[in-house]
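Step one of this worksheet: look at the structure below.
What follows is calculated from the coordinates using simple rules that are stated; it is not laboratory data. As the structure is a computational prediction, the values presented were derived from the model and not from experiment. Counting neighbours? That spans all protein chains shown, and the Cβs are built from the backbone with ideal geometry, glycine included.
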Amino acid sequence: MKTKMRRRAALDDVVISRIIIEEFTRDFSDCLQSDVAIIGGGPAGMVAGYYLARAGKRVVLYERKLSVGGGMWGGGIMFNRCVFQEASKPILDEFGVRATARGEGYYVTDSIETVSTLCAAAVKAGVKIFNCISAEDVMVRGDRVTGVVLNWSAVSVARLHVDPITARSGAVVDATGHDAEIAKILIRKIGKKLKTKTGEMLGEKPMWAEVGEKMIVKHTGEIYPGVYVAGMAANAVFGGPRMGPIFGGMLLSGKRVAELIIRGGRAKGR
Ligand code: 48H
């Protein structure tokens, strides 16, 4: 008996290109209005996105580089292992990152597994991630930030004079790491109006893991109406120490900022 073989259509190069363009532009256009725009796809940004999306928020994350993960890939001095403290272990467990106990209260993970697992969980929870895109400005209406101004990262790398586009959101999370880029943009554009002692960025302090990790969670929060800070950027804004290659505080800060936004209930961008 002859079995019928279904003939596969020849692969059409242009069809492949069209699929990419149509899918991307539809998704990108849908994301121009969101509840929360997260700037920066390091550990803090990805964890924040996960918890916000799980709570039903429409979340978009913009990452400047080709890959998300920020400072996690390289562990410490490019030895790709990440250290976590006890308090952050439940978050590792929730995401399904395998961690080995080392000494009292320390856990170690493979940084490649950690980044890829955090990213996959965030995406599966509903976070839309756009890589190769940088936030270069914010939109302000009255006394509130109402969105971000975006451009391809390649534009600034090549120093091209190309105008950006805008995306509206109920809240913006500055998860840009040591540079706290959104906070800096705010000060440059609207003056010393951050919710710090002086209204300015207080700047990151020298290494002290014990204090830095505690402060990062305390410093996580709203810095201007509509703008929240999480992860390393929180210590840069509020003057906390750096902590070196321990990453538990970044996860805890990401979770904390999500809780604050959810509790605040104002993040409605649609
Ligand atoms: C789009 C941007 C923009 C922009 C930057 O640096 P990250 O990993 O940040 P965190 O806070 O999640 O984690 C910090 C941690 O990695 C770290 O550096 C630690 C613990 N250091 C301690 C120490 O003592 O050194 O990720 C930030 C991400 C990066 O991927 C950037 O590319 C991205 O934000 N980013 N994306 N638009 N304007 N600026």
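Some values worked out for this structure:
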item: Mean Cβ count within 10 Å, highest first, over the residues of peptides 8-21, 50-63, 156-169; result: 50-63, 156-169, 8-21
item: Kyte-Doolittle at least 0.0, axis length at least 18 Å by Cα - qualifying DSSP helices, the chain; result: 13-30, 111-125, 248-264
item: Packing-based ranking, highest mean first, of 83-91, 29-37 given that Cβ atoms within 10 Å are counted; result: 29-37, 83-91
item: Cβ-defined net charge surrounding Gly147, 12 Å radius [Lys, Arg +1; Asp, Glu -1]; result: +1
item: Among beta bridges that DSSP assigns inside the chain, antiparallel share in %, nearest 5; result: 55 percent
item: Calculated FRET value between Thr198 and Lys218, using beta carbons and R₀ = 25 Å, to 0.05; result: 0.90
item: Mean separation of Cα contacts under 8 Å (6+ apart) over length of region 102-173, as relative contact order %; result: 22 percent
item: Protection-proxy order for peptides 98-107, 140-149, 113-122, each taking the mean of Cβ atoms within 10 Å per residue, highest first; result: 113-122, 140-149, 98-107
item: Alpha carbon centroid spacing (whole Å) that separates region 134-167 from region 174-240; result: 20 Å
item: Cα gyration tensor, the chain - rounded (a/c under 1.5), prolate or oblate; result: oblate
item: Gained length - Arg81 relative to Ile165, 0.36 nm times residue gap less alpha-carbon distance; result: 26.5 nm
item: Listed residue (Ser111, Trp208, Val140) projecting farthest to the positive dipole end of the chain, Cβ model; result: Val140
item: Shape call, region 1-158: gyration tensor on alpha carbons, a/c limit 1.5; result: oblate
